[in-house]
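In what follows, a structure is listed as structure tokens, so that the remarks can point back to it.
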Amino acid sequence: MSNTMLLTTLYVQWILILLLSIGVITLFKKHLDIKLGMRHHGLEAGASFPIASVSALSENNRQIAIQQAQPTIFIMTAIGCGACSTLYPCLNRVAERNQNIHFVLMVMGEPQEVIELAARYALSIPVGVLTESMMESLETTIFPFAYAISTNHKVIAKGTINTEEHLQLLLDSDEFFELGQTA
């Protein structure tokens, strides 16, 4: 009889431990607030994005419109930036998975260097040269940095993006979905 009682007690203890573990994990998931770095840097959320179009380095320097029928992710990087180089290999994958979003990559550097970079990574998204005046109007000097822009040209989310996971955080951010729907 005591063996049965002991086994029952052990089963009840394991069930309680399992339930407590599930409760703790649930609480951590609700309170774990992973955010992009430098979210408070640059243009304010809700502000008008100051650039309407940029010149692409391919297709006869055609203009790349920022204001689209779909949201835009405007990514800023620089030649020689180590953190930026971790981002380039994933850009095509992320753009392919998110075809309802327009991606634009602007790179600080000499035009020939930017062309070579785009070719090295076989980038399929529009690529252009980022200028000092653009950086001033975008109120940032941090690389790599990205803005999510709504269809009516408003900043809806922003932050530093060093990896594919950071870019996905930007795409998954509450601001991107909530403000993107209403902005």
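The values are calculated or read from the model by the stated rules, or taken from the named source; none is laboratory data. Predicted model, so just to flag it, every value in this text is computed and none were measured. A quick note on method: Cβ atoms are made from the backbone with ideal geometry, for glycine too, and the neighbour counts reach across all protein chains shown. The protein model used for the area step is the full one, side chains on, heavy atoms only, and it has no ligands, DNA or RNA in it. Shrake-Rupley method; radii C 1.70, N 1.55, O 1.52, S 1.80 Å.
Label sites at residue 55 and residue 151, each approximated as a point 7 angstrom past Cα along Cα to Cβ, lie 3.1 nm apart.
Rounded, prolate or oblate: which fits region 99-158 when a ≥ b ≥ c are the square roots of the eigenvalues of the alpha-carbon gyration tensor, with rounded for a/c under 1.5 and prolate only if a/b beats b/c? Could the numbers behind the result be given before it?
Working: a/c = 2.44, a/b = 1.27, b/c = 1.92.
The shape class here is oblate.
The solvent-accessible area of residue 121, taken with every protein chain present and a 1.4 Å probe, is close to 60 Å².
By how many nm would the segment from residue 172 to residue 11 lengthen if fully extended, with 0.36 nm per residue of separation less the alpha-carbon distance?
Details: separation 161, 0.36 × 161 = 57.96 nm, distance 4.06 nm.
Using 0.36 nm per residue and subtracting the Cα-Cα distance, I get 53.9 nm.
Under conditions of 4 °C and 1.567 mPa s, region 57-167 yields 92 µm² s⁻¹ as its translational diffusion coefficient, taking Rh as the Kirkwood radius over Cα pairs in the Stokes-Einstein equation. Among the GluC sites (Glu not before Pro) in region 90-181, those located in a DSSP loop and surrounded by at most 16 other Cβ atoms within 10 Å of their own Cβ are 139. In plain terms, the chain from residue 26 to residue 142 could stretch by 38.3 nm, reckoned as 0.36 nm per residue minus the Cα-Cα distance. You can think of it this way: the chain between residue 83 and residue 19 has 18.9 nm of extra reach, that is 0.36 nm per residue less the Cα-Cα gap.
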